[in-house]
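Asks: Have a look at this one.
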Amino acid sequence: MSRKPGPPAAWETDAWSKLEKSAAKLQQSDADGPLHLRQLIEDEDRCEALRASFDGITMDYSRQKLTTETVNELLELAEATHLKVKMTAMASGKAINTTEGRAVMHMALRAPKNEKILVGDSDVVPEVHEVLDRVYAFAESVRSGEHKGATGKKIDTVISIGIGGSYLGPEFVFEALRTDETAAAAAQGRTLKFLANVDPVDVARALSGVDPETTLVVVVSKTFTTAETMLNARTLRRWLEDAATKAGADKAEMIAKHMIAVSAAVPKATDFGIAEENVFGFWDWVGGRYSVCSAVGVMPLALQYGPDVVQAFLDGAWSMDEHFLSADFSENLPVLVGLIGVWNATFLEYNVQALLPYSQALLRFPAHIQQVSMESNGKRVTLEGEHLPIEAGEIVLGEPGTNGQHSFYQLIHQGRVMACDFIGSIKSQQPIDATAQGEDVSNHDELMANFFAQPDALATGKTIKELEAEGVPKDLLNHKEFPGNRPSTQLLFPCFDAKRVGQLLSLYENSIAVKGFIWGVNSFDQWGVELGKVLAKQVRGALQGARAENAPVKGFNPATTSLLKTYLEGSSN
Ligand SMILES: O=P(O)(O)OC[C@H]1O[C@H](O)[C@H](O)[C@@H](O)[C@@H]1O
């Protein structure tokens, strides 16, 4: 097969063959063998070597099923596939999203004013800051009460309409900071809600208990064409107009004061009826799922928490970007998380990455990273469009600990193997310490006891021999055996405040880019979401025809035709 000049495909390198051999060797390890995690974890030098840190964040990957030689082979693979060149191409604004002809520059969204970052010939940092300053000024005027609603009331509630990348990141950060002391103090008396699903139930939930006269609706859509968001935006526009009629206010004034937009398609937002000064732009070099640091996230978050908290979040993300671009790969947190992901998913064939934050504040982190990862690396062809001869991508799932322990951990311990990332913090956002009242430990210590225990339980397991020694009846031995040897990484943060949440975001965003670079896929397009949208349009037309003119449902396969008929008959009764 003829290939374009450039770095070799990962699977064509020597490092790849070495890694395949290492994987085969490690997969053979039994519970008593030297390559079982039960043994590996006892090696002090190995434990020391498989630890990295940056700015107070510790990454312990000693419970990954690898040896220090494997790590060297992974680093060799990074070299051989020109990872650094690819990272630099991304950071310097090259159009690496080749199927859409776009640069991938979300890092520029958090760059300080004095940075210079070129996309093509133009430095994008000034325009980033121009929008950021406008967002901050607008947010301040709403928060201070200077910007009033159409009936003269102060705005204290925001409903952010958007889906996918225009929703998940902002919701993750909103939730992550809700119980942070500084952010919570800044949010006093304010409410932020999200409306994502086209399901009318989500509209009802978003509007429940909300007064339109004190509410600002932010329509967030990169393209301003997404069907769900547009229908929700029209629905809430009507809700505002109806409220204006009831209150005797002017409808146009109501929209002007209560509806703003965030979009990379500014003319579409103005066509929708939102005044240009109320539209906050971003650029086609920001992928939707990477857009939380643009006005997409910054607007709702600044309205809720104020500019200072948001700026701390952006600064945190930038500090991790700088680390990613400058640190040696052997000490580079996003690179290591990325390489380990490739190792687990491709070489060991553990294709599920479980994100397990031991922090209730991070409850929407798995959902956000699920989109970033699965939409980015869920691909079947190379950048050149050739079929991948290897498995790429990971299935991402997760829930905060300890909740997950009482739910799906059973499968992780004794069923299928997943690669687990345990994410915890030294300090809690909301410490409760009742040791003086007789509790053994503080509530955060209790939480973290689980953070430390679970990875060891997964790694070491429990053998039949141990169970026998404990006197476990014979017929229960197999049921109670834990095979162990199940991989995990622990990421221990000092705390989860705005800066650290920014660092966590950048760590994972960049690790996902690393995996895509190694696998050789385009992590920045998402053609796989298109077909369903096209078919939904066809079904929408059929439903419209059937409802309005009783037109027969045509043009679908027999299964869909029959189910559509059942749906139509059932709902017309
Ligand atoms: O921001 P929008 O243009 O409304 O797009 C919202 C979302 O929908 C698309 O279908 C893509 O799958 C997502 O990547 C995107 O974030």
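Asks: Anything in region 187-204 that is among the small types (G, A, S), in a loop (DSSP other than H, G, I, E, B) and within 15 Å of T157 (Cα to Cα)? List them, or say none.
Replies: Taking region 187-204 as the starting set, the residues that turn out to be among the small types (G, A, S) are 187, 189, 196, 204.
Keeping just the survivors that are in a loop (DSSP other than H, G, I, E, B) gives 189, 196.
G189 - this is the single residue of region 187-204 that is among the small types (G, A, S), in a loop (DSSP other than H, G, I, E, B) and within 15 Å of T157 (Cα to Cα).
Asks: Sticking with this structure for a sec: Spot the failing condition for N197; the list is (1) within 16 Å of the ligand (Cβ to nearest atom); (2) of a type outside the set (A, V, I, L, M); (3) without any contact (Cβ under 8 Å) to a residue 40 or more places away in the chain; (4) out of contact with any Asp or Glu (no Cβ under 8 Å at 6 or more places or on another chain), and only one is missed.
Replies: Answer for N197: the failing condition is (4).
Asks: Go through region 51-65 and give me each residue that's more than 16 Å from A327 (Cα to Cα) and in contact with an Asp or Glu (Cβ under 9 Å, 6 or more places away or on another chain).
Replies: We begin by selecting, within region 51-65, every residue more than 16 Å from A327 (Cα to Cα); these are 60-65.
Scanning region 51-65 gives S62, R63.
Asks: Name the residues in region 163-186 that are hydroxyl-bearing (S, T, Y), part of a helix (DSSP H, G or I) and farther than 25 Å from T229 by Cα, would you?
Replies: Answer for region 163-186, where residues must be hydroxyl-bearing (S, T, Y), part of a helix (DSSP H, G or I) and farther than 25 Å from T229 by Cα: just T182.
Asks: Could I ask something else about it? Which residue is surrounded by the most Cβ atoms within 10 Å (Cβ to Cβ), if the candidates are limited to region 388-421 and must be assigned to a helix (DSSP H, G or I) and either hydrophobic (A, V, I, L, M, F, W, C) or not assigned by TED's automatic domain parsing to the domain that holds Q490 (or both)?
Replies: I412
Asks: Turning to a different aspect of this structure: Mind checking whether some residue in region 327-339 is in a helix (DSSP H, G or I), of a type in the set (F, W, Y) and in contact with a Pro (Cβ under 8 Å, 6 or more places away or on another chain)? First the steps, then the outcome.
Replies: Let us first name the residues in region 327-339 that are in a helix (DSSP H, G or I), namely 329-331, 333-339.
Subset that is of a type in the set (F, W, Y): 329.
Then keep just the ones that are in contact with a Pro (Cβ under 8 Å, 6 or more places away or on another chain); that gives none.
There is no residue in region 327-339 that is in a helix (DSSP H, G or I), of a type in the set (F, W, Y) and in contact with a Pro (Cβ under 8 Å, 6 or more places away or on another chain).
Asks: Out of region 90-144, which residues are surrounded by fewer than 19 Cβ atoms within 10 Å (Cβ to Cβ), of a type in the set (A, V, I, L, M, F, W, C) and within 23 Å of V217 (Cβ to Cβ)?
Replies: A137
Asks: Now for a separate question. Search region 288-307 for residues being away from the ligand (no atom under 11 Å from the Cβ) and either among the hydrophobic types (A, V, I, L, M, F, W, C) or not in a helix (DSSP H, G or I) (or both), and hand back the single one that is surrounded by the fewest Cβ atoms within 10 Å (Cβ to Cβ). Walk me through how you get there before you give the answer.
Replies: Going through region 288-307, the residues away from the ligand (no atom under 11 Å from the Cβ) turn out to be 293, 295, 297-307.
Filter once more, keeping what is either among the hydrophobic types (A, V, I, L, M, F, W, C) or not in a helix (DSSP H, G or I) (or both): 293, 295, 298-299, 301-303, 306.
Numbers: C293: 31, A295: 28, V298: 29, M299: 27, L301: 30, A302: 26, L303: 26, G306: 20.
Ranking the candidates gives G306 first.
Asks: Out of curiosity, is A419 in contact (Cβ under 8 Å) with a residue 12 or more places away in the chain and not basic (K, R)? Spell out the reasoning first.
Replies: Details: in contact (Cβ under 8 Å) with a residue 12 or more places away in the chain: yes; not basic (K, R): yes.
Yes; evaluated as a whole, the condition is true for this residue.
Asks: Can you name the number of the only condition in (1) within 28 Å of S53 (Cα to Cα); (2) part of a loop (DSSP other than H, G, I, E, B) that P455 fails?
Replies: Evaluating P455 over (1) within 28 Å of S53 (Cα to Cα); (2) part of a loop (DSSP other than H, G, I, E, B) leaves (2) as the failure.
Asks: For region 65-79, does any single residue satisfy the condition of being at pLDDT 95 or above, basic (K, R) and not in a loop (DSSP other than H, G, I, E, B)? Working first, answer last.
Replies: Kept after step one, since they are at pLDDT 95 or above, are these residues of region 65-79: 65-79.
Filter once more, so that each one left must be basic (K, R): 65.
Next, only the ones that are not in a loop (DSSP other than H, G, I, E, B) stay: none.
The answer is no, given that none of the residues of region 65-79 is at pLDDT 95 or above, basic (K, R) and not in a loop (DSSP other than H, G, I, E, B).
Asks: Can you pull out the residues in region 353-387 that are touching a Phe, Trp or Tyr at 6+ places or on another chain (Cβ under 7 Å) and in a loop (DSSP other than H, G, I, E, B)?
Replies: Residues satisfying the conditions are Y358, S359, R364.
Asks: Can you spot a residue in region 288-302 that is touching a Pro at 6+ places or on another chain (Cβ under 9 Å) and farther than 19 Å from M107 by Cβ?
Replies: Checking region 288-302: at least one residue is touching a Pro at 6+ places or on another chain (Cβ under 9 Å) and farther than 19 Å from M107 by Cβ.
Asks: Determine whether region 152-163 contains at least one residue that is more than 13 Å from L216 (Cβ to Cβ) and surrounded by fewer than 20 Cβ atoms within 10 Å (Cβ to Cβ). Let's see the steps before the verdict.
Replies: Kept after step one, since they are more than 13 Å from L216 (Cβ to Cβ), are these residues of region 152-163: 152, 162-163.
When the remaining residues are screened for being surrounded by fewer than 20 Cβ atoms within 10 Å (Cβ to Cβ), the result is 152.
For region 152-163, residues more than 13 Å from L216 (Cβ to Cβ) and surrounded by fewer than 20 Cβ atoms within 10 Å (Cβ to Cβ): present.
Asks: If you don't mind, another one. Filter region 519-541 for residues that are in a helix (DSSP H, G or I), touching a residue at least 60 places away in the same chain (Cβ under 8 Å) and within 21 Å of the chain's Cα centre (by Cα) and give the result.
Replies: W519, W527, G528, V529
Asks: Examine region 269-287 for a residue that is assigned to a helix (DSSP H, G or I), outside the structural domain of A367 (by TED's automatic domain parsing), within 10 Å of the ligand (Cβ to nearest atom) and in contact (Cβ under 8 Å) with a residue 24 or more places away in the chain, and state whether such a residue exists. Spell out the reasoning first.
Replies: Kept after step one, since they are assigned to a helix (DSSP H, G or I), are these residues of region 269-287: 269-271, 276-278.
When the remaining residues are screened for being outside the structural domain of A367 (by TED's automatic domain parsing), the result is 269-271, 276-278.
If we keep only those that are within 10 Å of the ligand (Cβ to nearest atom) as well, we get none.
Looking for residues that are assigned to a helix (DSSP H, G or I), outside the structural domain of A367 (by TED's automatic domain parsing), within 10 Å of the ligand (Cβ to nearest atom) and in contact (Cβ under 8 Å) with a residue 24 or more places away in the chain, one finds none in region 269-287, hence no.
Asks: Kindly check whether there is at least one residue in region 255-263 that is within 16 Å of the ligand (Cβ to nearest atom), closer than 30 Å to S92 by Cβ, out of contact with any Pro (no Cβ under 6 Å at 6 or more places or on another chain) and at pLDDT 95 or above.
Replies: Taking every residue of region 255-263 in turn, at least one turns out to be within 16 Å of the ligand (Cβ to nearest atom), closer than 30 Å to S92 by Cβ, out of contact with any Pro (no Cβ under 6 Å at 6 or more places or on another chain) and at pLDDT 95 or above.
Asks: If you scan region 160-194, which residues turn out to be of a type in the set (A, V, I, L, M) and within 18 Å of S144 (Cα to Cα)? Don't jump to the end; show me each part of the working.
Replies: Step one: list which residues in region 160-194 are of a type in the set (A, V, I, L, M), which gives 161, 163, 168, 173, 176-177, 183-187, 192.
Listed by number, the residues that qualify are A183, A184, A185, A186, A187, L192.
Asks: Please count how many residues of region 125-179 are among the small types (G, A, S) and more than 16 Å from the ligand (Cβ to nearest atom). Working first, answer last.
Replies: Here is the first cut: in region 125-179, the ones among the small types (G, A, S) are 137, 139, 141, 144-145, 149-150, 152, 160, 162, 164-166, 169, 176.
With more than 16 Å from the ligand (Cβ to nearest atom) added as a condition, the list becomes 137, 139, 141, 144-145, 149-150, 152, 176.
Qualifying residue count, region 125-179: 9.
Asks: Another one. Any chance you could count how many residues in region 205-222 are of a type in the set (A, V, I, L, M), away from the ligand (no atom under 16 Å from the Cβ) and either in a strand (DSSP E or B) or in contact (Cβ under 8 Å) with a residue 60 or more places away in the chain (or both)?
Replies: Filtering region 205-222 down to residues of a type in the set (A, V, I, L, M) leaves 206-207, 210, 216-220.
Now drop any that are not away from the ligand (no atom under 16 Å from the Cβ), which leaves 206-207, 210, 216.
This time we only want the ones that are either in a strand (DSSP E or B) or in contact (Cβ under 8 Å) with a residue 60 or more places away in the chain (or both), so: 216.
Count: 1.
Asks: Criterion first (closer than 26 Å to Y350 by Cβ, of a type in the set (F, W, Y), touching a residue at least 60 places away in the same chain (Cβ under 8 Å) and surrounded by 12 or more Cβ atoms within 10 Å (Cβ to Cβ)) does F452 satisfy it? Outline the logic, then answer.
Replies: Numbers: closer than 26 Å to Y350 by Cβ: yes; of a type in the set (F, W, Y): yes; touching a residue at least 60 places away in the same chain (Cβ under 8 Å): no; surrounded by 12 or more Cβ atoms within 10 Å (Cβ to Cβ): yes.
It is false that F452 is closer than 26 Å to Y350 by Cβ, of a type in the set (F, W, Y), touching a residue at least 60 places away in the same chain (Cβ under 8 Å) and surrounded by 12 or more Cβ atoms within 10 Å (Cβ to Cβ).
Asks: Ok, one more. Take the residues of region 229-248 that are in contact (Cβ under 8 Å) with a residue 60 or more places away in the chain and crowded, with 21+ Cβ neighbours inside 10 Å: which is nearest to the ligand (Cβ to nearest atom)?
Replies: Here is the first cut: in region 229-248, the ones in contact (Cβ under 8 Å) with a residue 60 or more places away in the chain are 229, 232-233, 236, 244, 247.
Now drop any that are not crowded, with 21+ Cβ neighbours inside 10 Å, which leaves 229, 232-233, 236, 244.
Numbers: T229: 5, N232: 11, A233: 10, L236: 15, A244: 26 Å.
Out of the qualifying residues, it is T229.
Asks: Report, by residue number, each residue of region 180-194 that is farther than 19 Å from G316 by Cα, away from the ligand (no atom under 16 Å from the Cβ) and crowded, with 17+ Cβ neighbours inside 10 Å.
Replies: Start the filter on region 180-194 by keeping residues that are farther than 19 Å from G316 by Cα, which leaves 185, 187-194.
Still in the list and also away from the ligand (no atom under 16 Å from the Cβ): 185, 187-193.
Once the filter is applied, which keeps residues that are farther than 19 Å from G316 by Cα, away from the ligand (no atom under 16 Å from the Cβ) and crowded, with 17+ Cβ neighbours inside 10 Å, region 180-194 yields A187, L192, K193.
Asks: Moving to a separate point now. State which residue is nearest to the chain's Cα centre (by Cα) when the search covers only region 35-50 and only residues that are within 22 Å of L75 (Cβ to Cβ) and assigned to a loop (DSSP other than H, G, I, E, B).
Replies: L50
The values are calculated or read from the model by the stated rules, or taken from the named source; none is laboratory data. Owing to the predicted nature of the structure, the values given are computational and were not obtained by experimental measurement. Because the Cβ atoms are built from the backbone with ideal geometry, glycine has one as well, and the counts that use them run over all protein chains shown.
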